[in-house]
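See below for the structure under consideration.
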Amino acid sequence: MMPSKIKSFTFLILFSFNTYLSIAQIQGRLVEEQNQPLEYATAALYKLENSELVTGVISNEKGVFEIENIKRGTYYIEASFLGYEKKRINNIVVKSKGQKIDLGTIQLVLGTQLNEVVLHAERNTVINKIDRQVFEASKFKSAHGGSGIDVIKNLPSVSVDSQGEISVRGSTGFVVLLNGKPIQGDASNLIAQLPANAIQKVEVITAPSAKYDPEGKAGIINILTNKGAANGAFGLVNIKGGLPSFETYGNDVSHKRHGIDATYNLRTDKWNISLGANYQRNDLGGRREGDVFTILNNTKTQFPSVGERSFDETNYSGRFTVDFIPNTSDNFSFGFFAGKRSKARLADIVYFDNHSVTPADSNNRNYTFQYFNHNLRERRGDFVLGSLDWTHSFTDASELSASFLYEYTLLGGPTVNQNLGEPDRSILYQDEFNTNDNPLHGARFQLDYKFKPFDFGILETGYQYRDLSHTGDFVYERRTDFNNEFELVPEFSSEVDLERTIHSGYLQLSGKKGKWEYAAGSRLEIMDRSFRLKDKTNTVDETLIYDFVKLYPSASIQYEINEKTKIKAAYSKRVERNSTFKMNPFAEREHSETLEQGDKNLRPEFIDLVELGITKDLKGGNSVFATGYFRHVDNVVNRVNTIYNDTILNRIYSNVGNAKAIGLEVGTELKLAKNWSNFVGANIYNYSIDGSFDNRVIDNDATIYSINLNSTWRFWDNASLQFTFNYLSDRNTAQGEDSRFYAPNLTFQKSFMNDRLTATLQWQNIDLGLLNTNEQQITTFRRNEFFTTTNYIYEVDMIILNLSYTFKKGSNKSKFIDSEFGKKEF
């Protein structure tokens, strides 16, 4: 025989032998009246002769249940779910070993006596599974009326700094899924676009399996939106308004915080139609205090500064999704999403007591000088996306699904940078204007198949195609007199075009046997990347090609010591792909003292993740979990600085070597009294970078930690008070460190009108002039070359009122698509 035939023959013999030895198995799928799966429904197996209970199992997220190790005999099954009538399936006959009995789809109907029973129960904040932690979004009341960022910043592994940058276990590289669908966009922008009221659960998958795209060095955050189970209509309107700022920081204009979002969902036996609209204005006042010096040709130039640094942010969008369920086997879904977003950062800074000293270690001033810098950077994005999805469920519980998404996004926005006299601001030293247009076209097609050829597990396989076309036209102009015309600056003007195609396929085996649960698989990725660079003087015109084929294996295993204690271990190979922004080698004037540019030869980061964890349920609904982890990163990308001239630093994104993180993540849910519940999470890790940049060795490490506290006191069934506290310690970078950052918040929530109206009063960033809330100092330096430190001070004691009114009391089954590509570049 040929080698391939020998392998096939051997596999067939082993498979047949395994099937012969297996004890019988019963499986089925539990659905509600509209054929939607019922997760956590119960299937109990009884002996027919004496109604003795043999065993019971619960269904998974697809509604599928499996009962294994069944001896010969005749049985019946009772299927049940809270609020639904029990259903009995009689005369299930097990005749022989290896027999498989598929009961198909079992439909439960809503009970007729539901209104006569009132059940009060409280969901756990976190549920630990083999590959993820699942957090209940409704537990974080301080997020009500806000965005998804207000939800996830309370999770143990997540921290958010003063710039709004989100980190998972200390890494900003992670991927977001929306209802299980991959989103290639920038995580922070995606989550900021999503209203907190629409989020039901958040899943943190720190060591993802092969069926997920391998991008994201810290893993995956899967955001699940609200859903329901019954026919009818659902309508919800949220209105938010903020009081005027208590502290203005000398900002020129008052900042606005208001918004409205609405969702309407209509559901019938075959149709599920969702409409959504969102408008948010989220301004943030603040100031910046900085000090910088450079040493060039033995001359030290120092330029301290102080002034406004504030943000005006506006988002509005509309969404439309239609699901069509023609039969019990097929589900079609079409989604459309369009909108506009803009974020303007104003930095009106006075540079005072600027002076030059020669030689660098003396006190001899060559000159002193001061000026005013007006810098306004606006980032805009207009976008349109559409998606089409199809899922087919077979009678043997296998499933075939296909998905297609197309996106067009027009990114861009100008930056105005003016250096004026101080105090006479009618004097113009330099007026610069740069803008860019970055149209982006992205497409994704995905095909997945899930089936169970073995007794010991489910096999999943699939193929994914991604194509990204991102072109950029960057124009930089300058003048030195208000009466002059702007002139092109070729040094900073360019065209940048990125074409990237990715083909990938995966194979994944997962299953459960006794007290063991396991999953293992691998994903093969083929990437082709073409990057063209061209300047306005035609002196630079080159195309860089970067292709690779990479295998990404993964494995996870969990053992149930007893019904309250589980241990688990996992490994995952990941990649962090580069954005166009970080690869663009042409410098952009960020503000008066900084140029920003990428590295045309930037390589992706490749990551190895290993973790070991334990979870334990305690008495009274309390629980605790702990996970130790190790993360190794090759080609780590850091933002580093060099000197451009005596008053300007050049900020560059570059591969600086390798990085390691060894850490421990812990969390506990403590119900200290009937009405008092607490959730505390902490993450501590040692982070080290070993490498070089610009012929200088980089070798630093530090221990970093974060703490997230959530404490809730419930006065009555419809009123509660919640205190949250988020703390992030000092962090090391390739050339310096970022200081600690913290934010306490207090939220009072009360519902009225039979829970139709909910009022939420928030006191965000509590300070009272006594703390240093919502501020962070960022320092970078290179010995004997430059030193820069900037303290960012943002608004505190913000009072916000949110009103949420449900005008249709049906269940919410709305679900929407979101950006796959564009948000990563926004």
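Every helix of 4 or more DSSP H residues in the chain counts as -39500 (n - 2.57), and over all residues that averages to -1000 deg cm²/dmol at 222 nm.
Give the calculated FRET efficiency between K674 and A233 to the nearest 0.05, with a Förster radius of 35 Å applied to their Cβ-Cβ distance.
0.45
Relative to the Cα centre, the charge distribution of the chain, modelled as +1 at Lys and Arg Cβ and -1 at Asp and Glu Cβ, gives a dipole magnitude of about 3420 debye.
Value of Rg to Rh for the range 449-580, rounded to two decimals, is 1.29; Kirkwood radius and Rg both from alpha-carbon coordinates. Work out the FRET efficiency for Y367 and T543 from their Cβ-Cβ distance, taking R0 = 56 Å, and round it to the nearest 0.05. With a Förster radius of 56 Å, E is 0.75.
Normalised by the number of residues in the range 263-329, the average gap of Cα pairs under 8 Å and 6 or more apart makes the relative contact order 42 percent.
Net charge in the neighbourhood of Q27 (other residues with Cβ under 10 Å of its Cβ; Lys, Arg +1, Asp, Glu -1) is -1. The smallest convex shape that holds all Cα atoms of the range 367-495, its convex hull, gives 196 Å³ per residue. Taking the charge dipole of the range 328-429 about its Cα centre, with +1 at Lys and Arg Cβ atoms and -1 at Asp and Glu Cβ atoms, the residue from S393, Y406, Y351 reaching farthest to the positive side is Y351. Net length available on complete extension from A402 to R425 is 2.2 nm, with 0.36 nm assigned per residue and the Cα-Cα distance removed.
Taking the Cβ of F369 as the centre, find all other residues whose Cβ is under 12 Å away and add up their charges (Lys, Arg: +1; Asp, Glu: -1).
-2
Between the range 455-518 and the range 405-444, the alpha-carbon centres lie 22 Å apart.
The modelled label-to-label distance between T248 and K71, using points 7 Å beyond Cα along the C-beta direction, is 8.3 nm. Within the range 55-95, the proportion of Cα pairs with more than 14 Å between them is 58 percent.
Modelled spin labels at S342 and S329, positioned 7 Å past Cα toward Cβ, are 5.2 nm from each other. Across the chain, the relative contact order, built from alpha-carbon pairs under 8 Å that are at least six residues apart, equals 12 percent.
Anisotropy class assigned to the range 518-605 is oblate, per the alpha carbon gyration tensor with a/c at or over the 1.5 cut-off and a/b no larger than b/c. Sorting M753, M583 by the number of Cβ atoms found within 10 Å of their own Cβ, with the fewest placed first, yields M753, M583. In this rough spin-label picture, where each label sits 7 Å from Cα along the Cβ direction, the N298-V109 distance is 9.6 nm. Shape summary of the chain, radius of gyration then Dmax from alpha carbon positions: 29.0, 102 Å. Antiparallel beta bridges, as assigned by DSSP with both residues in the chain, represent about 95 percent of the total such bridges. The 3J(HN,Hα) values that the Karplus relation (6.51, -1.76, 1.60; θ = phi - 60°) gives for the range 418-435 are, in residue order, 10, 9, 10, x, 9, x, 7, 7, 7, 7, 10, 8, 7, 10, 10, 9, 10, 9 Hz. Gly and Pro appear as x. Fewest-first ordering of L108, L155, L551 by other beta carbons within 10 Å of each residue's beta carbon gives L551, L108, L155. Please give the helix 3-21 orientation as an angle from the longest Cα principal axis of the chain, in degrees from 0 to 90, rounded to the nearest 10. So the helix axis and the longest Cα principal axis differ by about 50 degrees.
Where does each of D738, D608, D213 land when they are ranked from fewest to most other beta-carbon atoms within 10 angstrom?
Working: D738 22, D608 15, D213 26.
Fewest-to-most ranking of D738, D608, D213: D608, D738, D213.
Only one residue of Y316, T806, N732 has its Cα farthest out toward the positive end of the dipole of the range 126-824, where Lys and Arg carry +1 and Asp and Glu -1 on Cβ, and that residue is T806.
A short reminder: the numbers here are calculations on the coordinates, not readings from a lab. No experiment lies behind these values; they were computed from the predicted model shown. Glycine also receives a Cβ, built like all others from the backbone with ideal geometry; neighbour counts cover every protein chain displayed.
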